[in-house]
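Peer 1: I'd like to ask you about the structure that follows.
The values are calculated or read from the model by the stated rules, or taken from the named source; none is laboratory data. All values reported here derive from a predicted model rather than from experimental measurement. Cβ placement follows ideal geometry from the backbone for every residue including glycine, while neighbour counts extend to all protein chains displayed.
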Amino acid sequence: MDEATLVEVLQAVGLAIALSACAGIRAWLPLLLAGGLQRLGWLELGASFDFLGSNRALILFAVATVLEIAGDKIPAVDHTLDAISTILRPAAGAMLAASVMGRVTDPLTAAALGLAVGAPTAIVPHAAKSGLRALSTTFTAGLANPVISLLEDALALVMFVLAVLVPLVVILGLVLLVFFAARRLARRAQPEARPA
């Protein structure tokens, strides 16, 4: 593999991971944005993923994005959406990762890499988001959930822009999130020292 090909593969992997992380926050928004940018010729996806920029797909993604964002502002509905999204967000992450990997490999390998890279990557922010929502519901009776949802909308949009422009920044943020979450869990798992 020559140097130019290696750089292209590494860029595709970085973008795949970063877009999948966006899907962990909002399932449909990154698909809508990726399809729209592909349609405009600003984002190159694998040829077998051209359908993401089709009229039908963009309309579907737009309607689903509006429903997801609006529904997430309603305290009783947001938990149901989170439960459904436990399957939906990793699937969206896998599709986004596969569409990007399709630029540098064949469609079957891209699909396998999408599942292997995209789905687990989307789970991390989804789990963090769900945990934050559970805390918010517990301590504010769900009153803070709509505000948190607005922040998640902004975060998903900013992450998408950064993912397209500088995917390594999103990956670094994701690594830091995992590190601090693992560290916190490790501290909780240690038994407290009792005075003698």
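Peer 1: What number of residues within the stretch 128-147 are in a helix (DSSP H, G or I), hydrophobic (A, V, I, L, M, F, W, C) and touching a residue at least 12 places away in the same chain (Cβ under 8 Å)?
Peer 2: The total comes to 2.
Peer 1: Return the residue satisfying two criteria in turn: it lies in the stretch 30-44 and is surrounded by fewer than 24 Cβ atoms within 10 Å (Cβ to Cβ) and of a type in the set (A, V, I, L, M), and of such residues it is farthest from the chain's Cα centre (by Cα).
Peer 2: Leu40
Peer 1: Follow-up question, since we're still on this one. Going by the conditions given, is Leu115 exposed (fewer than 15 other Cβ atoms within 10 Å of the Cβ) and either among the aliphatic types (A, V, I, L, M) or within 14 Å of the chain's Cα centre (by Cα) (or both)?
Peer 2: The answer is no for Leu115.
Peer 1: Ok, one more. Quick one: which residue in Arg103, Arg89 is within 26 Å of Ala12 (Cα to Cα) and modelled with pLDDT under 95?
Peer 2: Arg103
Peer 1: For Leu15, are the conditions met, namely being in contact (Cβ under 8 Å) with a residue 24 or more places away in the chain and over 26 Å from Ala128 (Cβ atoms)?
Peer 2: Here the answer is no, as Leu15 does not meet what is asked.
Peer 1: Considering only the stretch 143-168, state which residues are within 14 Å of the chain's Cα centre (by Cα) and under 24 Å from Gly41 (Cβ atoms).
Peer 2: The answer is Ala156, Leu157, Val158, Met159, Phe160, Val161, Leu162, Ala163, Val164, Pro167.
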